[in-house]
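These notes concern the structure reproduced below.
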Amino acid sequence: MNTYKFTAVLLLPFLLTGCWSKYEVQNMNYATAVGIDYAEGQYIIYAQLLDFSTVAKLEGQQKAEQPPVWIGRGKGISFSEAANDLYSTSQQRLNWGQISAILFSERLLKERKVGEVLELIDRYREIRYLAWVFSTRDPLDEVLIATPFFRLSPIGSILHNPEQNYRQRSILAPIRLQKFVMDSNEKARTSYIPELSVRKDQWKESQKPHELLRYSGIQIYDKDKYYARMSLEEIKGLPWLNKHTIRLPVDLFSDNKLVAVLVAEKPEYDVKPRVKYDKAYFDISVKVKAGVNELHADVTEQELTQLAQKEIEHQIRQTFQTAFEKRIDIYNLGESLFRKNPYEWKRIASGTVLNKDSLRNINVNVQIVYSGRYKLSP
């Protein structure tokens, strides 16, 4: 019996060695965002590292200083070589499992290298497809180093947490990597990447300018083809045909004078495709409920409704025309034909099913559901 006990004691250390190859949490560096550029035949990777012990903010406590943000830069003829260049000075093991944002430079898009990057991400299991994806024309390190208010870490910025900003101002819907990959692989669908830039002159901290991130447009990229860039001014009609739109301001003018400012909420839309003489046409209906935020003229509710309907239709048409000139199906109208009548889509599609007159009728129905402190005449 004693022999068995002695043998068990000898075997115990070997049974406990299963965790010896694991890495301690405090002995790893965690990348929270990655920026990817391409220049002169080489990939350039920027990794953003945060100290997670400084990310959490205790209630009632104000940070005395800005938590440190580390930005690393690696370079190589391939994505893997650029990552290995980062490893050479990372001191500790670099973990990619906490990445919540991926940033592409405009140059990388124009060089059509996104497909190669996505292929590596697909093979590399640490990076998750739930990460947000963005593009930028600014230097990548400037975007990654930008921090939000009150000395919070970049985790609180729209780079890592874009949904909060979108709920208040649904100008441009954020895109996860998973959705971008799915849309870019759809034959009849156009995929876009939101574009971020750094604004340096809008906010100050104790009279010192503070750089903050903002949306500045979209980059349209489909599979391995780069189409064009569109500014925020050029895509004003896009939120009206997006099922995720939550809250959207509408400025109404008459004779170049501001009449009112409305706030629309959760617009609903429907697209009806038609094919006539080998050409595709689309009729769009939009239903909008809105409230009055500002009123600067004595107008009736009917006049206000008509102004709103006219403005929304103008924004939808203007965005369509601007995008069509760039050979972009910005509203994915071709997809609606593909879903309802794939035979007709295949028969007439040659790159795009659109023509300059494809957007036929737009029926906008605006219902003013509250006027705040303002009293509107019927």
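The values are calculated or read from the model by the stated rules, or taken from the named source; none is laboratory data. Keep in mind that this is a model prediction, so the values were computed, not measured. Backbone-built Cβ (ideal geometry, glycine too); neighbour counts: all protein chains shown. The protein model used for the area step is the full one, side chains on, heavy atoms only, and it has no ligands, DNA or RNA in it. Shrake-Rupley method; radii C 1.70, N 1.55, O 1.52, S 1.80 Å.
Each residue of the range 108-123 was assigned a 3J(HN,Hα) from its phi angle through the Karplus expression (A = 6.51, B = -1.76, C = 1.60, θ = phi - 60°), giving 5, 5, 5, 7, 6, 10, 5, x, 5, 5, 5, 5, 5, 4, 5, 7 Hz with x at Gly and Pro. Here the range 233-377 yields Rg over Rh of 1.04, to two decimals, using C-alpha coordinates and the Kirkwood radius.
Can you tell me the orientation of helix 2-15 relative to the chain, as the angle in degrees between its alpha-carbon axis and the longest Cα principal axis, to the nearest 10? Roughly 40 degrees, rounded to the nearest 10.
Using the reciprocal of the averaged 1/r over all distinct C-alpha pairs, how large is the Kirkwood radius of the range 214-264 in Å? Kindly include the intermediate steps, with their values, before the conclusion.
Working: mean 1/r = 0.0748 Å⁻¹.
Every distinct Cα pair counted, the radius reaches 13.4 Å.
Can you pull out the trypsin sites (Lys or Arg not before Pro) in the range 136-167 whose DSSP state is coil and whose Cβ has at most 10 other Cβ atoms within 10 Å? In loop regions of the range 136-167 (DSSP not H, G, I, E or B), there are no sparsely surrounded trypsin sites (Lys or Arg not before Pro). Residues whose amide H lies under 5 Å from that of SER371, counting only those 5 or more places away or on a different chain, are VAL292; hydrogens are built 1.01 Å from N in the peptide plane.
With Cβ to Cβ distances under 12 Å as the rule, what net charge do the other residues near SER216 carry (K, R +1; D, E -1)?
Net charge around SER216: -1.
Can you say what percent of the DSSP beta bridges in the chain, counting only those with both residues inside, are antiparallel? Round to 5. The partial results should precede the final answer.
On the way: 58 of 82 bridges.
Counting only bridges with both partners in the chain, antiparallel ones make up about 70 percent.
Candidate cross-link partners of LYS200 among the aspartates and glutamates, defined by an alpha-carbon separation under 19 Å and a same-chain spacing of 8 or more, comprise ASP138, ASP141, GLU142, GLU211. Between amide H atoms placed 1.01 Å from N, distances below 5 Å from LEU94 occur with ASN29, all of them 5 or more places distant or on a separate chain. Working note: Cα atoms of the range 91-175, range along each principal axis, descending, whole Å: 36, 34, 24. Of the listed residues TYR87, TYR43, the order by accessible area with a 1.4 Å probe, largest first, is TYR87, TYR43.
For the range 260-337, applying the loop criterion from DSSP together with a ceiling of 13 other beta carbons within 10 Å to the chymotrypsin sites (Phe, Trp or Tyr not before Pro) yields TYR277.
In this simple spin-label model, placing a label point 7 Å from the Cα along the Cα-to-Cβ direction at both ARG169 and MET182 gives a separation of 2.9 nm. Placing dummy labels 7 Å off each Cα toward the beta-carbon, the span from VAL261 to LEU120 is 4.5 nm.
Counting other Cβ atoms within 10 Å of each Cβ, which trypsin sites (Lys or Arg not before Pro) in the range 197-254 have at most 16 and sit in a DSSP loop? Don't jump to the answer; show the numbers that get you there.
Working: sites: ARG199, LYS200, LYS204, ARG214, LYS223, LYS225, ARG229, LYS236, LYS243, ARG247; in loops: LYS223, LYS236, LYS243.
In loop regions of the range 197-254 (DSSP not H, G, I, E or B), the sparsely surrounded trypsin sites (Lys or Arg not before Pro) are LYS223, LYS243.
3J(HN,Hα) couplings calculated from phi for the range 286-296 with the Karplus curve 6.51 cos²θ - 1.76 cosθ + 1.60 (θ = phi - 60°) are, in sequence order, 10, 10, 9, 9, 9, x, 9, 8, 9, 9, 10 Hz; Gly and Pro show x.
Considering only GLN219, GLN42, GLN202, the mean-square fluctuation computed in a Gaussian network model of the chain, springs between alpha carbons under 10 angstrom, is largest for GLN202.
Give, as a single signed number, the net charge of other residues whose beta carbon lies under 12 Å from the beta carbon of LYS236, with Lys and Arg counted +1 and Asp and Glu -1. Present the calculation step by step, with values, prior to reporting the outcome.
Working: positive: ARG317; negative: GLU233, GLU234, ASP251, GLU311, GLU313.
Result for the neighbourhood of LYS236: -4.
Separation of the range 300-351 and the range 99-130, taken as the distance between their Cα centroids, equals 30 angstrom. When Cα Rg over 2.2 N^0.38 Å is calculated directly from the model, which label among [x] 1.24; [y] 0.96; [z] 1.10 fits? Matching the structure shown: [x]. Taking every DSSP helix (H) stretch of at least 4 residues in the chain, weighting each as -39,500 (n - 2.57) and dividing the sum by the residue count yields a mean residue ellipticity at 222 nm of -7500 deg cm²/dmol.
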